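A.B. asks: Take a look at this one; I'll ask things after.
The values are calculated or read from the model by the stated rules, or taken from the named source; none is laboratory data. From a predicted model like this one, the values you see are computed outputs, not experimental measurements. Heads up, the Cβs are rebuilt from the backbone with ideal geometry, glycines too, and the neighbour counts pull from every protein chain shown. For the accessible areas, the whole protein counts, side chains as well, though only heavy atoms, and no ligand, DNA or RNA atoms are used. Shrake-Rupley method; radii C 1.70, N 1.55, O 1.52, S 1.80 Å.
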Amino acid sequence: MKYESTAREGDLIQLVGLTHKHFIFILKSGEEFHSHRGIVKHDDLIGKTWGEQVFSHTNAPFFILQPSLADILNDIPRSTQILYPKDIGYIIIQMDITPGKKVMEAGTGSGSMTTALATAVGETGRVISYEQKQDFQNLAKKNLERLGLASRVDFKLRDIAQGFDETDADAFFLDVQNPYDYIEQVRNALKPGGFLCMLVPTFNQVEKVLSVLRKTQFAFVEVCELLLRHYKTNPSRIRPADRMVAHTGFLIFARKMIPTDDPRGAKLANEVIGIEDEI
(Lines give C-alpha, C1' and ligand atoms only; values in the text may rest on other atoms or scores of the structure.)
Protein backbone atom coordinates (compact mmCIF):
# COMPACT_ATOMS: atom_id res chain seq x y z
CA MET A 1 0.00 0.00 0.00
CA LYS A 2 1.47 3.35 -1.08
CA TYR A 3 0.75 6.47 0.91
CA GLU A 4 0.37 9.87 -0.73
CA SER A 5 -0.78 13.20 0.73
CA THR A 6 -4.20 12.88 -0.87
CA ALA A 7 -6.70 10.07 -1.36
CA ARG A 8 -6.67 8.46 -4.79
CA GLU A 9 -8.88 5.96 -6.57
CA GLY A 10 -8.04 2.45 -5.43
CA ASP A 11 -6.82 3.57 -2.00
CA LEU A 12 -8.05 1.81 1.12
CA ILE A 13 -9.53 4.59 3.25
CA GLN A 14 -11.08 5.01 6.67
CA LEU A 15 -13.97 7.35 7.44
CA VAL A 16 -14.12 8.18 11.15
CA GLY A 17 -17.27 9.77 12.51
CA LEU A 18 -18.68 10.78 15.86
CA THR A 19 -17.88 8.50 18.83
CA HIS A 20 -14.94 7.18 16.72
CA LYS A 21 -17.22 4.88 14.71
CA HIS A 22 -15.27 4.09 11.56
CA PHE A 23 -15.75 2.50 8.15
CA ILE A 24 -13.00 1.08 5.91
CA PHE A 25 -13.42 0.62 2.17
CA ILE A 26 -11.68 1.04 -1.20
CA LEU A 27 -12.22 4.23 -3.19
CA LYS A 28 -13.86 3.56 -6.55
CA SER A 29 -14.92 6.31 -8.92
CA GLY A 30 -18.67 6.52 -9.39
CA GLU A 31 -19.58 4.55 -6.27
CA GLU A 32 -21.24 5.67 -3.05
CA PHE A 33 -20.74 4.82 0.61
CA HIS A 34 -23.98 4.36 2.58
CA SER A 35 -24.35 4.36 6.36
CA HIS A 36 -26.94 5.41 8.94
CA ARG A 37 -25.22 8.82 8.87
CA GLY A 38 -25.96 9.38 5.21
CA ILE A 39 -24.38 8.96 1.80
CA VAL A 40 -20.85 9.96 0.80
CA LYS A 41 -19.87 9.86 -2.87
CA HIS A 42 -16.48 8.33 -3.58
CA ASP A 43 -15.83 11.03 -6.20
CA ASP A 44 -16.14 13.64 -3.44
CA LEU A 45 -13.41 11.86 -1.46
CA ILE A 46 -10.90 11.34 -4.28
CA GLY A 47 -8.33 14.14 -4.09
CA LYS A 48 -9.10 15.02 -0.48
CA THR A 49 -6.13 15.54 1.84
CA TRP A 50 -5.66 12.89 4.50
CA GLY A 51 -7.02 14.17 7.82
CA GLU A 52 -9.51 16.50 6.11
CA GLN A 53 -13.10 16.65 7.32
CA VAL A 54 -15.86 15.61 4.92
CA PHE A 55 -19.65 15.47 5.20
CA SER A 56 -22.40 13.10 4.12
CA HIS A 57 -25.54 14.27 2.30
CA THR A 58 -27.15 14.71 5.75
CA ASN A 59 -24.19 16.86 6.89
CA ALA A 60 -22.87 14.18 9.24
CA PRO A 61 -19.14 14.86 9.77
CA PHE A 62 -16.32 12.41 9.08
CA PHE A 63 -12.54 12.56 8.93
CA ILE A 64 -10.87 10.83 5.97
CA LEU A 65 -7.81 8.88 7.10
CA GLN A 66 -5.45 6.13 6.05
CA PRO A 67 -6.28 3.09 8.19
CA SER A 68 -3.50 1.74 10.36
CA LEU A 69 -2.65 -1.95 10.29
CA ALA A 70 -4.39 -2.27 13.68
CA ASP A 71 -7.55 -0.71 12.22
CA ILE A 72 -7.44 -3.09 9.27
CA LEU A 73 -6.95 -6.18 11.43
CA ASN A 74 -9.76 -5.26 13.80
CA ASP A 75 -12.06 -4.65 10.82
CA ILE A 76 -11.14 -7.75 8.81
CA PRO A 77 -14.03 -10.02 7.79
CA ARG A 78 -13.71 -13.16 9.89
CA SER A 79 -15.04 -16.68 10.33
CA THR A 80 -12.70 -17.46 13.25
CA GLN A 81 -11.34 -15.68 16.31
CA ILE A 82 -8.54 -13.33 15.24
CA LEU A 83 -5.38 -12.25 17.04
CA TYR A 84 -5.35 -8.82 18.66
CA PRO A 85 -2.85 -6.16 17.55
CA LYS A 86 -1.32 -6.17 21.05
CA ASP A 87 -0.20 -9.77 20.49
CA ILE A 88 0.63 -9.45 16.80
CA GLY A 89 3.02 -6.53 17.25
CA TYR A 90 4.97 -8.29 20.00
CA ILE A 91 5.14 -11.53 18.00
CA ILE A 92 6.54 -9.78 14.93
CA ILE A 93 9.23 -7.99 16.95
CA GLN A 94 10.21 -11.03 19.02
CA MET A 95 10.57 -13.24 15.93
CA ASP A 96 12.48 -10.55 14.00
CA ILE A 97 10.02 -10.48 11.09
CA THR A 98 11.55 -7.91 8.74
CA PRO A 99 11.61 -7.27 4.97
CA GLY A 100 13.03 -10.17 3.00
CA LYS A 101 12.36 -12.86 5.61
CA LYS A 102 10.75 -16.22 4.84
CA VAL A 103 8.00 -16.82 7.37
CA MET A 104 5.57 -19.68 7.83
CA GLU A 105 2.32 -20.07 9.71
CA ALA A 106 -0.10 -22.92 10.28
CA GLY A 107 -3.72 -22.10 10.99
CA THR A 108 -4.48 -19.34 8.46
CA GLY A 109 -7.98 -18.76 9.82
CA SER A 110 -9.40 -15.49 8.51
CA GLY A 111 -5.93 -14.19 7.62
CA SER A 112 -5.33 -11.52 10.25
CA MET A 113 -1.87 -12.79 11.22
CA THR A 114 -1.19 -13.55 7.56
CA THR A 115 -1.92 -9.89 6.76
CA ALA A 116 0.47 -8.68 9.46
CA LEU A 117 3.22 -11.07 8.36
CA ALA A 118 2.83 -10.14 4.68
CA THR A 119 3.09 -6.47 5.62
CA ALA A 120 6.21 -7.08 7.72
CA VAL A 121 8.17 -9.16 5.17
CA GLY A 122 7.63 -6.57 2.45
CA GLU A 123 7.84 -7.11 -1.29
CA THR A 124 11.09 -9.08 -1.02
CA GLY A 125 9.91 -11.54 1.63
CA ARG A 126 7.61 -14.53 1.57
CA VAL A 127 4.83 -15.90 3.77
CA ILE A 128 3.77 -19.55 3.49
CA SER A 129 0.45 -20.20 5.18
CA TYR A 130 -1.01 -23.67 5.82
CA GLU A 131 -4.71 -24.25 6.49
CA GLN A 132 -6.78 -27.43 6.65
CA LYS A 133 -10.23 -25.96 5.93
CA GLN A 134 -11.00 -24.72 2.41
CA ASP A 135 -13.62 -22.16 3.48
CA PHE A 136 -11.21 -20.53 5.94
CA GLN A 137 -8.50 -20.36 3.30
CA ASN A 138 -10.88 -18.85 0.73
CA LEU A 139 -11.83 -16.04 3.13
CA ALA A 140 -8.19 -15.38 4.00
CA LYS A 141 -7.26 -15.14 0.32
CA LYS A 142 -10.10 -12.68 -0.26
CA ASN A 143 -8.97 -10.54 2.68
CA LEU A 144 -5.35 -10.47 1.45
CA GLU A 145 -6.41 -9.69 -2.13
CA ARG A 146 -8.50 -6.74 -0.88
CA LEU A 147 -5.36 -5.29 0.70
CA GLY A 148 -3.09 -5.99 -2.27
CA LEU A 149 -0.95 -8.41 -0.24
CA ALA A 150 -1.92 -11.80 -1.71
CA SER A 151 1.10 -11.86 -4.04
CA ARG A 152 3.40 -12.14 -1.00
CA VAL A 153 1.69 -15.28 0.33
CA ASP A 154 1.70 -18.93 -0.71
CA PHE A 155 -1.52 -20.53 0.53
CA LYS A 156 -1.39 -24.28 1.09
CA LEU A 157 -4.28 -26.59 1.98
CA ARG A 158 -3.11 -29.56 4.06
CA ASP A 159 -3.35 -31.48 7.31
CA ILE A 160 -0.08 -30.35 8.89
CA ALA A 161 0.39 -33.74 10.53
CA GLN A 162 1.81 -34.66 7.10
CA GLY A 163 4.58 -32.10 7.57
CA PHE A 164 5.63 -29.12 5.49
CA ASP A 165 7.31 -28.66 2.11
CA GLU A 166 9.78 -26.06 3.41
CA THR A 167 12.98 -26.65 5.39
CA ASP A 168 14.57 -23.23 5.77
CA ALA A 169 12.02 -20.82 7.26
CA ASP A 170 13.32 -17.92 9.33
CA ALA A 171 10.31 -18.05 11.64
CA PHE A 172 7.15 -20.04 12.21
CA PHE A 173 3.89 -19.01 13.88
CA LEU A 174 1.86 -22.04 14.95
CA ASP A 175 -1.78 -21.20 15.72
CA VAL A 176 -3.70 -24.47 15.94
CA GLN A 177 -5.81 -26.10 18.64
CA ASN A 178 -3.20 -28.65 19.72
CA PRO A 179 0.22 -27.22 18.74
CA TYR A 180 2.15 -29.74 20.86
CA ASP A 181 1.20 -32.43 18.32
CA TYR A 182 3.04 -30.66 15.48
CA ILE A 183 6.23 -29.22 16.99
CA GLU A 184 8.41 -31.93 15.42
CA GLN A 185 7.02 -31.08 11.97
CA VAL A 186 7.62 -27.38 12.62
CA ARG A 187 11.18 -28.08 13.69
CA ASN A 188 11.88 -29.75 10.33
CA ALA A 189 10.57 -26.66 8.52
CA LEU A 190 12.75 -24.17 10.42
CA LYS A 191 16.34 -23.25 9.67
CA PRO A 192 18.85 -23.73 12.52
CA GLY A 193 18.31 -20.97 15.06
CA GLY A 194 14.90 -20.17 13.58
CA PHE A 195 12.11 -18.67 15.67
CA LEU A 196 8.96 -20.46 16.78
CA CYS A 197 5.92 -18.82 18.37
CA MET A 198 2.64 -20.33 19.53
CA LEU A 199 -0.45 -18.85 21.15
CA VAL A 200 -2.57 -21.02 23.47
CA PRO A 201 -5.39 -19.98 25.81
CA THR A 202 -4.92 -22.27 28.83
CA PHE A 203 -2.28 -23.34 31.37
CA ASN A 204 -2.59 -27.04 30.62
CA GLN A 205 -1.79 -26.37 26.93
CA VAL A 206 1.29 -24.39 27.96
CA GLU A 207 2.44 -27.33 30.08
CA LYS A 208 2.10 -29.76 27.16
CA VAL A 209 3.93 -27.41 24.78
CA LEU A 210 6.84 -26.90 27.20
CA SER A 211 7.23 -30.63 27.64
CA VAL A 212 7.46 -31.23 23.88
CA LEU A 213 9.83 -28.28 23.34
CA ARG A 214 12.28 -29.89 25.76
CA LYS A 215 12.14 -33.20 23.91
CA THR A 216 12.60 -31.64 20.46
CA GLN A 217 15.72 -29.55 21.18
CA PHE A 218 14.18 -26.08 21.25
CA ALA A 219 15.85 -23.56 23.54
CA PHE A 220 15.56 -20.03 24.94
CA VAL A 221 11.93 -20.71 25.74
CA GLU A 222 9.77 -17.83 26.99
CA VAL A 223 6.14 -17.74 28.10
CA CYS A 224 4.22 -14.49 28.56
CA GLU A 225 0.84 -12.83 28.25
CA LEU A 226 0.09 -9.25 27.25
CA LEU A 227 -2.57 -7.08 28.87
CA LEU A 228 -3.71 -3.80 27.32
CA ARG A 229 -5.40 -1.04 29.32
CA HIS A 230 -6.65 2.18 27.73
CA TYR A 231 -7.22 5.45 29.58
CA LYS A 232 -9.91 8.06 29.07
CA THR A 233 -8.43 11.13 27.45
CA ASN A 234 -10.36 13.94 29.17
CA PRO A 235 -7.48 16.03 30.61
CA SER A 236 -9.49 16.98 33.69
CA ARG A 237 -10.60 13.39 34.45
CA ILE A 238 -7.89 10.99 33.34
CA ARG A 239 -8.68 7.47 34.51
CA PRO A 240 -8.70 3.89 33.17
CA ALA A 241 -11.36 3.00 30.63
CA ASP A 242 -14.20 0.83 31.86
CA ARG A 243 -13.01 -2.12 29.81
CA MET A 244 -9.61 -3.52 28.93
CA VAL A 245 -8.18 -6.17 26.63
CA ALA A 246 -7.00 -8.66 29.21
CA HIS A 247 -6.07 -12.31 28.69
CA THR A 248 -6.31 -13.43 25.08
CA GLY A 249 -3.73 -16.19 25.27
CA PHE A 250 -0.28 -17.26 26.40
CA LEU A 251 2.53 -16.57 23.95
CA ILE A 252 5.27 -19.22 23.86
CA PHE A 253 8.54 -18.42 22.08
CA ALA A 254 11.45 -20.76 21.35
CA ARG A 255 14.37 -21.20 18.96
CA LYS A 256 15.56 -24.27 17.11
CA MET A 257 18.88 -25.54 18.41
CA ILE A 258 21.23 -28.12 16.93
CA PRO A 259 22.27 -30.79 19.47
CA THR A 260 25.98 -31.44 19.98
CA ASP A 261 27.95 -34.48 21.09
CA ASP A 262 30.82 -32.31 22.33
CA PRO A 263 30.97 -32.75 26.14
CA ARG A 264 32.28 -29.19 26.54
CA GLY A 265 28.94 -27.83 25.38
CA ALA A 266 26.66 -30.37 26.99
CA LYS A 267 26.01 -28.46 30.24
CA LEU A 268 25.19 -25.18 28.50
CA ALA A 269 22.99 -26.96 25.97
CA ASN A 270 21.05 -28.69 28.73
CA GLU A 271 20.51 -25.43 30.60
CA VAL A 272 19.19 -23.39 27.67
CA ILE A 273 17.01 -26.26 26.46
CA GLY A 274 15.63 -26.62 29.97
CA ILE A 275 16.63 -30.18 30.84
CA GLU A 276 18.01 -29.05 34.19
CA ASP A 277 15.75 -27.27 36.67
CA GLU A 278 16.58 -23.70 37.63
CA ILE A 279 18.32 -23.30 40.98
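A.B. asks: Output the residues belonging to the range 47-93 that are open to solvent by less than 20 Å² (accessible area, probe 1.4 Å) and more than 24 Å from residue 34 (Cα to Cα).
C.D. replies: 82, 83, 87, 88, 91
A.B. asks: List the number of the failed condition for residue 128; all other conditions in (1) of a type in the set (Val, Ile, Thr); (2) within 24 Å of residue 71 (Cα to Cα); (3) in contact with a helix residue (DSSP H, G or I) (Cβ under 7 Å, 6 or more places away or on another chain) hold.
C.D. replies: Only one criterion is unmet by residue 128, namely (3).
A.B. asks: Quick one: is residue 41 open to solvent by 10 Å² or more (accessible area, probe 1.4 Å) and touching a residue at least 12 places away in the same chain (Cβ under 8 Å)?
C.D. replies: no
A.B. asks: Looking for something charged (D, E, K, R), farther than 18 Å from residue 91 by Cα and in contact with a strand residue (DSSP E or B) (Cβ under 7 Å, 6 or more places away or on another chain) - is there at least one such residue anywhere in the range 128-145?
C.D. replies: Yes, the range 128-145 contains at least one residue that is charged (D, E, K, R), farther than 18 Å from residue 91 by Cα and in contact with a strand residue (DSSP E or B) (Cβ under 7 Å, 6 or more places away or on another chain).
A.B. asks: Right, next: Can we say residue 94 is at pLDDT 95 or above and farther than 24 Å from residue 10 by Cα?
C.D. replies: yes
A.B. asks: For the range 164-209, enumerate the residues that are open to solvent by 40 Å² or more (accessible area, probe 1.4 Å), assigned to a helix (DSSP H, G or I) and in contact (Cβ under 8 Å) with a residue 40 or more places away in the chain.
C.D. replies: 203 - this is the single residue of the range 164-209 that is open to solvent by 40 Å² or more (accessible area, probe 1.4 Å), assigned to a helix (DSSP H, G or I) and in contact (Cβ under 8 Å) with a residue 40 or more places away in the chain.
A.B. asks: When residues of the range 103-145 are filtered for being buried (at least 18 other Cβ atoms within 10 Å of the Cβ) and either under 18 Å from residue 176 (Cα atoms) or in contact (Cβ under 8 Å) with a residue 60 or more places away in the chain (or both), how many remain?
C.D. replies: Of the residues in the range 103-145, 25 are buried (at least 18 other Cβ atoms within 10 Å of the Cβ) and either under 18 Å from residue 176 (Cα atoms) or in contact (Cβ under 8 Å) with a residue 60 or more places away in the chain (or both).
A.B. asks: Just checking, which of 140, 106, 120 is within 13 Å of the chain's Cα centre (by Cα) and farther than 26 Å from residue 13 by Cβ?
C.D. replies: 106
A.B. asks: Does the range 146-163 hold any residues that are in a loop (DSSP other than H, G, I, E, B) and either of a type in the set (S, T, N, Q) or crowded, with 17+ Cβ neighbours inside 10 Å (or both), and which are they?
C.D. replies: Within the range 146-163, 147, 149 qualify.
A.B. asks: Among all residue pairs at least 6 apart or on different chains, which show Cβ distances below 6 Å where the first residue, located in the range 21-38, is open to solvent by 50 Å² or more (accessible area, probe 1.4 Å) and the second is part of a loop (DSSP other than H, G, I, E, B)?
C.D. replies: Close Cβ pairs (under 6 Å, with a partner that is part of a loop (DSSP other than H, G, I, E, B)) amount to 29/9.
A.B. asks: Out of the residues in the range 228-265 that are among the hydrophobic types (A, V, I, L, M, F, W, C) and modelled with pLDDT of 90 or more, which is surrounded by the most Cβ atoms within 10 Å (Cβ to Cβ)?
C.D. replies: Of everything passing the filter in the range 228-265, 254 is surrounded by the most Cβ atoms within 10 Å (Cβ to Cβ).
A.B. asks: If you don't mind, there's one more thing I want to ask. Please specify each residue of the range 210-226 satisfying the condition of being touching a residue at least 24 places away in the same chain (Cβ under 8 Å) and either open to solvent by 100 Å² or more (accessible area, probe 1.4 Å) or in contact with a Pro (Cβ under 6 Å, 6 or more places away or on another chain) (or both).
C.D. replies: Selection gives 214, 217, 220.
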